[in-house]
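Visitor: One structure follows; several queries about it will come next.
The values are calculated or read from the model by the stated rules, or taken from the named source; none is laboratory data. Keep in mind that this is a model prediction, so the values were computed, not measured. Reconstructed Cβ throughout: ideal geometry from the backbone, glycine too, with neighbour counts over all protein chains shown.
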Amino acid sequence: MRTKKYLTWLLVGAVCASTLLAGCGKKKEVEKKEVPQETVEKPEEKEEAKEIVLQPKEPETEQIPEGMMKSYLTGEYVSPAIGQRRPVAVMLNNIQAAVPQAGIANAGVVYEAPVEGGITRLMGIFEDYDNLEKIGSVRSCRDYYIFYAMEFEALYAHYGQAAYALPYLEIPEVNNLSGLSGYGAEVYYRTTDRVAPHNAYTSFAGLQKGIEINGYSQEYSADYKGHFQFAWVGKEAAPAGGTPASTIKPGYSVNAPWFDYNAEEKLYYRFQYGEPQIDELTSGQLAYKNVILQYCPWENYEDSAYLHINVMSGGSGKYISEGQAIDITWKKDSEWAPTHYYDASGNEITLNPGKTWICIIQDTNADQVEITGPEPAAPEAAENPDPAANQDAVQGTENPAETPEDTGAEEAPVQ
């Protein structure tokens, strides 16, 4: 009995022991699983820094060099001593007996307009003329030139005038220097190389003396904004939407002038009377960045040969620069205000910096104007040209007609 009991307790003890051992094994296994594994973090891969190139921002206004200003006449950089001084508009003779003109290359703007007899007269507008001892020859005034001079607030230099100009010359707004005045001999002088009236000249010193005698101010009015709208220096461009313009013929009959475009220099070189037009003082040919053709209504004064060119009516024309020509219109806001020029979209044109030549053309002669593009390349010469054909060509060549001399009609009653 005891033996059975004893065996029973042994069996119970063995079962309990095995249970405890099993539980301990599981616990250790669980604990083993709960031990966190060490995490090895991989280093982050850094992207290579990319070089950022910043484009320079376009300035909102033109960067004018220190100590300089933009010229009202040319749009180029000049010293304030020149650019802030009122210019002088000088009437210049243009008949064949009076060319070449002296000092004309210094004019920032040149006007060419017809006078009586089919000839043209020039008006050079000068701001940089301090070094000139000879300007001219100087000729008489016509009324429409006065209006063009006043558009630049210029002092107006002339030697005599047509009767129709006198009322305008006498008003206070027109600061003029007349060779027929009592002080004329202090402003002008005559040379012996040409006959009168083609030998009257002036100079920087003479003009300054006349300005001093008359007490004229050489400062622009406080509200003067300039005549033209100019592109920035270095930002020149051909007018948009233009047509090729390598040769310009304004159609004046007596001096038969033309301009040829130099594509390398981007300038228009001036010719008249069958040859290059030069400055007597430099012997250099005249050249211009801009050419404007302005068509104007006109009529004769009463029964005379004097022209009344309408400067107020508005009209059409051409603007030519950098080998391209566009159609323009022009108008004035008031009698003494500048003429404004507009493109086909109605925007005021922007001139390229440089000198400008303006041709005033009678509107009835607009069909005489010729503007042509570059000539096509010449065909290569034949290897075996026909001598007989060449001889015929030589024999068929006529001598060009000589340029007609001035008729002297412009000398008819000038006061």
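Visitor: Filter the stretch 255-308 down to the residues that are within 19 Å of ILE119 (Cα to Cα), outside any strand (DSSP E or B), touching a Phe, Trp or Tyr at 6+ places or on another chain (Cβ under 9 Å) and not small (Gly, Ala, Ser) and list them by number.
Guide: ASN255, PRO257, GLN277, TYR301, TYR306
Visitor: On to the next question. So ASN106 ticks every box in (1) within 18 Å of TYR269 (Cα to Cα); (2) within 19 Å of the chain's Cα centre (by Cα); (3) buried (at least 24 other Cβ atoms within 10 Å of the Cβ) but one. Which box is left unticked?
Guide: (3)
Visitor: Among the residues of the stretch 146-193 satisfying the criterion of being within 34 Å of the chain's Cα centre (by Cα) and of a type in the set (D, E, K, R), which is farthest from TYR72 (Cα to Cα)?
Guide: Filtering first and then ranking leaves GLU170.
Visitor: Restricting to the stretch 326-344, name every residue that is in a loop (DSSP other than H, G, I, E, B) and either among the hydroxyl-bearing types (Ser, Thr, Tyr) or under 17 Å from the mean Cα position of the chain (by Cα) (or both).
Guide: Once the filter is applied, which keeps residues that are in a loop (DSSP other than H, G, I, E, B) and either among the hydroxyl-bearing types (Ser, Thr, Tyr) or under 17 Å from the mean Cα position of the chain (by Cα) (or both), the stretch 326-344 yields SER334, PRO338, ASP343.
Visitor: So TYR201 passes all but one of these: (1) more than 31 Å from the chain's Cα centre (by Cα); (2) in a strand (DSSP E or B). Which condition number does it fail?
Guide: The one condition TYR201 does not meet is (1).
Visitor: Please enumerate the residues belonging to the stretch 113-134 that are more than 21 Å from LEU169 (Cβ to Cβ), of a type outside the set (Val, Ile, Thr) and modelled with pLDDT of 95 or more.
Guide: The answer is GLU127, ASP128, TYR129, ASP130, ASN131, LEU132, GLU133, LYS134.
Visitor: Tell me, yes or no, whether the stretch 335-348 has at least one residue that is modelled with pLDDT of 50 or more and surrounded by 19 or more Cβ atoms within 10 Å (Cβ to Cβ). Quick ask: steps written out before the conclusion?
Guide: Keep residues of the stretch 335-348 that are modelled with pLDDT of 50 or more, which gives 335-348.
If we keep only those that are surrounded by 19 or more Cβ atoms within 10 Å (Cβ to Cβ) too, we end up with 339, 341.
Yes, some residue in the stretch 335-348 is modelled with pLDDT of 50 or more and surrounded by 19 or more Cβ atoms within 10 Å (Cβ to Cβ).
Visitor: May I pose another question? Which count do you get for residues in the stretch 234-257 that are hydrophobic (A, V, I, L, M, F, W, C) and surrounded by fewer than 18 Cβ atoms within 10 Å (Cβ to Cβ)?
Guide: Total satisfying the criteria: 4.
Visitor: Give the residue, chosen from GLY315, GLY323, GLY284, that is within 25 Å of PRO239 (Cα to Cα) and in contact with a helix residue (DSSP H, G or I) (Cβ under 8 Å, 6 or more places away or on another chain). Spell out how you get there, then give the answer.
Guide: Details: GLY323 fails: in contact with a helix residue (DSSP H, G or I) (Cβ under 8 Å, 6 or more places away or on another chain); GLY284 fails: within 25 Å of PRO239 (Cα to Cα).
Answer to the selection: GLY315.
Visitor: Something else about it: If LYS355 meets every condition in (1) surrounded by fewer than 16 Cβ atoms within 10 Å (Cβ to Cβ); (2) farther than 30 Å from TYR164 by Cα; (3) among the charged types (D, E, K, R) apart from one, which number is that one?
Guide: (1)
Visitor: Please work out which one of (1) more than 24 Å from PHE230 (Cβ to Cβ); (2) free of Cβ contacts under 8 Å to residues at least 40 places away in the same chain; (3) in contact with a His (Cβ under 8 Å, 6 or more places away or on another chain); (4) crowded, with 17+ Cβ neighbours inside 10 Å is the condition TRP330 fails and give its number.
Guide: TRP330 satisfies all of (1) more than 24 Å from PHE230 (Cβ to Cβ); (2) free of Cβ contacts under 8 Å to residues at least 40 places away in the same chain; (3) in contact with a His (Cβ under 8 Å, 6 or more places away or on another chain); (4) crowded, with 17+ Cβ neighbours inside 10 Å except (1).
Visitor: Oh, and also: Applying the selection to the stretch 336-360, what residues are among the charged types (D, E, K, R) and more than 16 Å from LYS289 (Cα to Cα)?
Guide: ASP343, GLU348
Visitor: While we're here: Just to be sure, is GLU280 within 24 Å of GLU127 (Cα to Cα), in contact (Cβ under 8 Å) with a residue 40 or more places away in the chain and surrounded by fewer than 15 Cβ atoms within 10 Å (Cβ to Cβ)?
Guide: Against the criterion (within 24 Å of GLU127 (Cα to Cα), in contact (Cβ under 8 Å) with a residue 40 or more places away in the chain and surrounded by fewer than 15 Cβ atoms within 10 Å (Cβ to Cβ)), GLU280 does not qualify.
Visitor: Keeping to the stretch 345-370, report how many residues are under 25 Å from LEU73 (Cα atoms) and part of a strand (DSSP E or B).
Guide: Qualifying residue count for the region: 9.
Visitor: Failed condition for TYR168, given (1) in a strand (DSSP E or B); (2) free of Cβ contacts under 8 Å to residues at least 40 places away in the same chain; (3) aromatic (Phe, Trp, Tyr), with all others met?
Guide: Going through (1) in a strand (DSSP E or B); (2) free of Cβ contacts under 8 Å to residues at least 40 places away in the same chain; (3) aromatic (Phe, Trp, Tyr) one by one, TYR168 breaks only (1).
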